[in-house]
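Computed from the coordinates by the stated procedures, all read-outs in this text should not be read as laboratory data. Just so we're clear, the structure is a prediction, and the values are computed from it rather than from any experiment. No Cβ is skipped: glycine too gets one built from the backbone with ideal geometry, and neighbour counts run over all protein chains shown.
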């Protein structure tokens, strides 16, 4: 072992010591009902994440590098897809996925400004934001409350000659009706983007969510199923979409050389593009108006360690969801989310909706839980068409609504969710069940 290798190993050993001294005691601290904060989500990690992070920092490559390539390869293997692309957030993953469908390389299937994309309003805004930002038209259909996902009976009503795609999320890990949505897309030659940011590890008919459509997206923000701080990914089996996403992620360039490598194709100075001079340096030829959405290799290093643990995360999420469901299923005032038929969810959160017969409001029960150190969340935007960002949008021009979003409004008004992340122990689960029952008994 060289002096540098020996020093590096000493640093990594010290990193493990630091984890055990500083972080592990916080992670193993005894739960005290009413005093310990029950967060809706949190990071689950050990010394491995920290050692990989430090290892990457010592290499000082900084940008996309060996850990990034390793992560993309391992995520692709986990999902059983051909290609994955690391990006700097789940929102960027949605941006890249949608903008890939605007590429002229797609010819008659290219999404153009004014074309329509079917989606839902009960969700996170960055599922829809790229559609609006590009100048396409989101078409909002209602939800169904049983599984808290898109009401597939409304799809035909949303269809128009301008419809080009469907872009929707799997709500809190519960897959939407993929067989119905995929059949509809195939029937009408539509693209399907699965926002899989809240559902990594879920399956439908045994196949991973995010891999049924043309492109899937993931987020690795700390509350999500796994983390690298900030980060996200897109994935596909389509060779043309792979080429487009690689170009658009990396500034829109036509060249596919990795950072620090030149002339992979062997034709760097001998090709013709557009009206450029023949032989113009291919490394600086741009076939798209792209972005720079890559992560640092240090983030990817954390992701590699998280992927090693990921199957255990999924198991724990399922176990925690079952405990919450079994503990709360007999409460008449609450409607719990049911598992989508033919699905095996990797749950992100545990959602409840107040029935119309409830004698209390969503805010009243949520405030009670928060006062008792239990963190809660609404289903993100609730109904995003009611937010200020839509004030300047013109209905039936900039966006369309199919029928009435009555279930969406019900979710906006009466739904909330609590956590079930892998770092949550039985004591915390039992405490949440106890406090919800206590509130309803006294309501």
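Tabulated data
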| quantity | calculated |
| --- | --- |
| Cα convex hull volume per residue for segment 251-304 (Å³) | 83 Å³ |
| Footprinting exposure proxy for 267, 257, 197 (fewest neighbouring C-beta atoms within 10 Å first) | 267, 257, 197 |
| Sorted largest first, extent of the chain alpha carbons per principal axis (Å) | 79, 66, 39 |
| For q = 0.20, 0.25 Å⁻¹, Debye-computed log10 I/I(0) when each Cα of segment 1-72 counts as one equal scatterer | -0.95, -1.16 |
| Highest-fluctuation residue, 128, 394, 87 considered, GNM on the chain with Cα pairs under 10 Å | 394 |
| Cα→Cβ-extended label distance, 7 Å offset, between residue 69 and residue 413, nm | 5.6 nm |
| Neighbour-count order for 24, 70, 278, fewest beta carbons within 10 angstrom listed first | 278, 24, 70 |
| Inter-centroid distance (Cα atoms) of segment 100-174 relative to segment 175-203, Å | 11 Å |
| Viscosity 1.567 mPa s, temperature 4 °C, Stokes-Einstein D of segment 310-442 from Kirkwood C-alpha radius, µm²/s | 79 µm²/s |
| Protection proxy ranking, peptides 344-357, 29-42, average beta carbon neighbours within 10 Å, highest first | 344-357, 29-42 |
| Sequence of 413, 28 once ranked by neighbouring C-beta atoms within 10 Å, starting from the fewest | 28, 413 |
| Gap separating the Cα centres of segment 318-377 and segment 204-271, nearest whole Å | 36 Å |
| Peptides 173-181, 289-297 ordered by average Cβ neighbours within 10 Å, highest first | 173-181, 289-297 |
| Segment 122-271, Cα convex hull volume normalised per residue, Å³ | 156 Å³ |
| Part-to-part distance (alpha-carbon centres) for segment 408-437 and segment 8-55, which is given in Å | 25 Å |
| Among 122, 233, 428: highest mean-square fluctuation, GNM of the chain, C-alpha pairs under 10 Å | 428 |
| Linear extension gain, residue 332 paired with residue 1, 0.36 nm per residue minus alpha-carbon span | 112.5 nm |
| Alpha-carbon gyration tensor eigenvalues x 5, square-rooted, for segment 5-125, Å | 39, 25, 11 |
| Residue among 78, 273, 45 with the largest mean-square fluctuation in a Gaussian network model of the chain, springs linking Cα atoms under 10 Å | 273 |
